[in-house]
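Colleague: My questions all concern the structure below.
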Amino acid sequence: MKKIYIITALITFLLAALLFVGNKLAKDAIENQLTILTSNGVSIQESSEESSLLSSSNHYEFLVSDSQKFALYLSQFADEQLPPYVNAMLQGTEIGCDVKYNNLPFSNSVEVDIYPLSLSYDIKKELKKYDFRLFNTIDTFLQNKGLLYHLNYNLITSSFDGYIKDIGQTLKLKDDVEVAVNLESVVFEGVGPLVALSELRASGDRMSFKLFDDKSEIYFLLGGVESSSTFSSATSYISTASFKTLNIVFKEKNVPVTSIDVDDLKFNVSSSMEGVKAEVYAKSSFAKLNAKLKQLDLSMDGFNYDISVTDVDKDALEELRVLLSQTKTNQSHQLQKEIESSVTRLLAQGLKINIADFSVDTISLGESEGMRGFTLQSEIILSPNSSLQSTAQTTQMLQHLFVESSFTLSKELFVYINQQVPLSTMAMGYAKDVGDDLVFDIVLKDSKLSINGKSL
């Protein structure tokens, strides 16, 4: 019997020890984050804690009491300097946070709910002045956790997943104008500290915005959203995004509806600084576009572009990136001169642009339906030029510029263009007739331009 008592006591002691260790692991992580926040312009207005044998939970209410210090902290993780108006948007903002974690040490996940409770002092002041009823609606929406991010964060692997609470909110503005905002099934997952992610993937069923009254309406919808990003650094990354549907509508009483509908829209952007030279790649495509405009109905199927910029000097590119990041907060003539000089230094080092694909399968314009489209491939090489002193030296740049392009245009589309711009018939003298297409092989070399071997 004594052995059973001893074993039971040991098990109880070990379990208690495990619970203590697990609790301390999560607590230390939370305390560390609180120390960072309170050292960077955020104060804790309210906090409470509840604990049981297996789990603990904490509630915090934060106030951005020094927006300048907080913005400076956030700018460490941003590619660009935060503009001054961010300070006004942050000062006085209240944010709620609920944290829940398991006391067992082998459970390293922390559940976090983050939600704004109140807007900044300046925004509240302006809202009250504009429409006190609107202010009350927004304030009640926030107090009820209307905008909420839920995270499950692993303390050991720094990986996370979560969701944004669905939103279905209509706001009434002055003059019987209303705004409807909808957000459905937005989920995400990723890796890294939340202010400096290394990976992020997100998806959403529907995001829509509508501004309307009894005379007009503006509507914007994104459906079937998916995105993925991997960040090695501020200048080395891969980002993709796709949308099943994009819908934009403008309605006005007694005026034809203006609308744009796009199906299967995709983007891909990447940048690499790993090699000797910098490289940037961009791709985009959509399956179908329909646009009803005031002057024209337009439809396109099978749009693609695939462009890369390579052999770029890394130091010159980084210098230009830093200068461009300052334009949001600095519009001085001196900065513009520095940007001009930086662009010149970048071009003087040389670069290569490759258009692997820029094409449209079919296009309809007005009453001309189902015309076959066009295709463009091009290689542009700007060789190094140490004597280049300004981008205004076009002759200098042309002497170091080589362009080789192939442009294929369907005859039916050429006929339509010729009907709109009769001068385009001049191009026939340079065109190569290939079946149902006109082909233009364009070469620029040693400042001399030729099309299909004929000099211009």
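Colleague: Taking 7 Å along the Cα-to-C-beta vector as the label spot, tell me the SER447-SER43 distance in nanometres, rounded to one decimal.
Modeller: Calculated label separation equals 6.8 nm.
Colleague: Right, next: Quick check: net charge around GLY224, other residues with Cβ under 12 Å of its Cβ, Lys/Arg +1 and Asp/Glu -1?
Modeller: Overall, the nearby charge balance is -2.
Colleague: If one takes the longest principal axis of the Cα atoms in the chain, at what angle in degrees, from 0 to 90 and to the nearest 10, does the Cα axis of helix 411-420 lie?
Modeller: With rounding to tens, the tilt is 80 degrees.
Colleague: Against the longest principal axis of the chain, how steep is helix 121-130, in degrees 0 to 90 to the nearest 10, with axes from Cα atoms?
Modeller: 70 degrees
Colleague: So, one more: At 7 Å along the Cα-to-beta-carbon direction for both LYS125 and TYR219, put a label point, then send me their distance in nm to one decimal.
Modeller: 3.9 nm
Colleague: Report the net charge of residues surrounding GLN393, where surrounding means a beta-carbon distance below 14 angstrom and charges are Lys +1, Arg +1, Asp -1, Glu -1. Write out the running numbers ahead of the final one.
Modeller: Values: positive: ARG345; negative: GLU340.
Residues near GLN393 contribute 0 overall.
Colleague: Multiply the residue separation of THR329 and PHE209 by 0.36 nm, subtract the distance between their alpha-carbon atoms, and state the gained length in nm to one decimal.
Modeller: Here the answer is 40.3 nm.
Colleague: How do 307-319, 145-157, 166-178 rank on mean C-beta neighbours within 10 Å, highest first?
Modeller: Working: 307-319: 17.2, 145-157: 15.5, 166-178: 12.4.
Descending packing order for the listed peptides: 307-319, 145-157, 166-178.
Colleague: Moving on. Per residue, how big is the convex hull of the stretch 355-438 when only Cα atoms are used? Give it in Å³.
Modeller: Hull volume normalised by residue count: 138 Å³.
Colleague: Still on this model: Which net charge results for the neighbourhood of ASP436, defined as the other residues with beta-carbon distances under 12 angstrom from its beta-carbon, given Lys and Arg at +1 and Asp and Glu at -1? It would help to have the intermediate numbers written out before the result.
Modeller: Details: positive: ARG372, LYS411; negative: GLU412, ASP433, ASP437.
Counting the neighbours of ASP436, the net charge comes to -1.
Colleague: Right, another one. By how many degrees, 0 to 90 and rounded to 10, does the Cα axis of helix 2-38 deviate from the longest principal axis of the chain?
Modeller: 50 degrees
Colleague: Rolling a 1.4 angstrom probe over the protein chains, ignoring ligands and nucleic acids, what is the accessible area of THR395 in square angstrom, nearest 10?
Modeller: 90 Å²
Colleague: Further question on the same structure: Can you work out the PRE-style zone for THR140? Point 7 Å along Cα to Cβ, and I want the residues of the stretch 167-199 with backbone N under 18 Å.
Modeller: Output list for this probe position: 167-174, 176-181.
Colleague: Oh, and also: Using 0.36 nm per residue of separation minus the Cα-Cα distance, give me the extension gain between LEU155 and THR362 in nm, one decimal. Let's see the in-between values first.
Modeller: Working: separation 207, 0.36 × 207 = 74.52 nm, distance 5.19 nm.
Result for the pair: 69.3 nm of gain on full extension.
Colleague: Under the rule a/c < 1.5 gives rounded, and otherwise a/b versus b/c splits prolate from oblate, where does the stretch 290-345 land using the Cα gyration tensor?
Modeller: Numbers: a/c = 4.13, a/b = 1.85, b/c = 2.23.
Cα axes put the stretch 290-345 in the oblate bin.
Colleague: According to a simple spin-label model (label point 7 Å from Cα along Cα-to-Cβ), what is the distance in nm between PHE402 and VAL276?
Modeller: So the label points at VAL276 and PHE402 sit 1.6 nm apart.
Colleague: Also, I was wondering about something else. Find the relative contact order for the chain and round it to a whole percent, using C-alpha pairs within less than 8 Å whose residues are 6+ positions apart. Walk me through the numbers on the way to the answer.
Modeller: Numbers: 1011 pairs, mean separation 30.7, N = 456.
Relative contact order of the chain: 7 percent.
Colleague: Now a separate question. Classify the chain as rounded, prolate or oblate from the Cα gyration tensor: take a ≥ b ≥ c as the square roots of its eigenvalues, call it rounded if a/c is under 1.5, otherwise prolate when a/b beats b/c and oblate if not.
Modeller: Because a/c hits 1.5 or more and a/b exceeds b/c, the chain counts as prolate.
Colleague: Quick one: in the stretch 315-394, what % of C-alpha pairs are over 20 Å apart?
Modeller: In whole percent, the long-distance tail amounts to 56.
Colleague: Answer rounded, prolate or oblate for the stretch 117-262, using the Cα gyration tensor with square roots of eigenvalues a ≥ b ≥ c: rounded when a/c is under 1.5, else prolate when a/b is larger than b/c, else oblate.
Modeller: Judged from the Cα gyration tensor, the stretch 117-262 comes out oblate (a/c at least 1.5, b/c at or above a/b).
Colleague: Can you tell me how much longer the chain between GLU199 and ILE339 gets when fully stretched, taken as 0.36 nm per residue apart minus their C-alpha distance, in nm with one decimal? Walk me through the numbers before you get to the answer.
Modeller: Values: separation 140, 0.36 × 140 = 50.40 nm, distance 3.12 nm.
Difference between extended and current length: 47.3 nm.
Colleague: What FRET efficiency comes out for LEU171 versus ILE248 if R0 is 22 angstrom and r is the Cβ-Cβ distance? Round to the nearest 0.05.
Modeller: 0.60
The values are calculated or read from the model by the stated rules, or taken from the named source; none is laboratory data. Quick caveat, the model's predicted, so the values are computed rather than measured. We place every Cβ from the backbone using ideal geometry, glycine too, and count neighbours over all the protein chains shown. When the accessible area is computed, the model is the full protein with side chains, heavy atoms only, and any ligands, DNA or RNA have been set aside. Shrake-Rupley method; radii C 1.70, N 1.55, O 1.52, S 1.80 Å.
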